[in-house]
Every structure is written in structure tokens, then in C-alpha cells.
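Structure first, commentary second.
The values are calculated or read from the model by the stated rules, or taken from the named source; none is laboratory data. Being a predicted model, the structure only gives us computed values, none of them experimental. FYI the Cβ positions are ideal-geometry reconstructions off the backbone, even for glycines, and counts take in every protein chain you see.
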Amino acid sequence: MDKLKRVLSGRDTEEPGGLAEVIDGTSLGWGTRVKGFIACFVIGCLCSFLGTCLLWVPRKGLTLFAVFYTLGNIASIGSTLFLMGPMKQLKRMFEPTRLIATIVMLVSI
């Protein structure tokens, strides 16, 4: 379990000296990360579902759908930032094997 925590938090190798202490002091605990992930993911799913339901509103349905569905997607994708951290998430998103998928997803949003 400790290995999984280190890999997901971006610390799969040990940092020398005081740098490790600074990173440990400023990072979120594992329980807080999981709670943040779950909360953000649930909010994202609710926004996406709400956007889908608002699609059937007569005049402003398409606009409301676009806003809530986009916010839901951003929140759901942002929920993984709690597990991996923002820099590791961005590095993985822009790896050569995932670059096309990332660009298509960002343009679609």
C-alpha cells in the first residue's frame, strides 16, 4: 500500500535530505487526497447529470447543458489531481503516447 501511495503521489523515488521533509510537510495526507478525489468526482458527475437534464429546457437548454456538462468534465478530470498531484498529471497528459488524446479532449471542452 505504501508503494501505491508513493507512486500516485509522484514520490516513487526517495529525495535526499531536507527536500523530502519539505514535500512531506506541504503535501496532503492520503486520506485527505482520497476524500478530495471522491468529492470532486461526485461534484463532476452531478454537474454532468444536471447538464444532461437541463438539455430539455425549452429556450436556454443548450447553453445550460454546455455550461454544466463542461464544468462536470473539468471537475471529474480535476479530481485525479488529488491522487497524483498537478505536475505529475500534466506530465502524464502530455506524454507522446497521450498527446493526441489530450489535445482532442482539451479542444472538445
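Odds and ends about this structure:
- Here LEU4 fits the description: at pLDDT below 85 and within 18 Å of the chain's Cα centre (by Cα).
- Matching residues in the stretch 61-97 - criterion: being surrounded by 13 or more Cβ atoms within 10 Å (Cβ to Cβ) and assigned to a loop (DSSP other than H, G, I, E, B): GLY85
- Among the residues making up the stretch 18-47, a single one is at pLDDT 60 or above, in a helix (DSSP H, G or I) and of a type in the set (S, T, N, Q): THR32.
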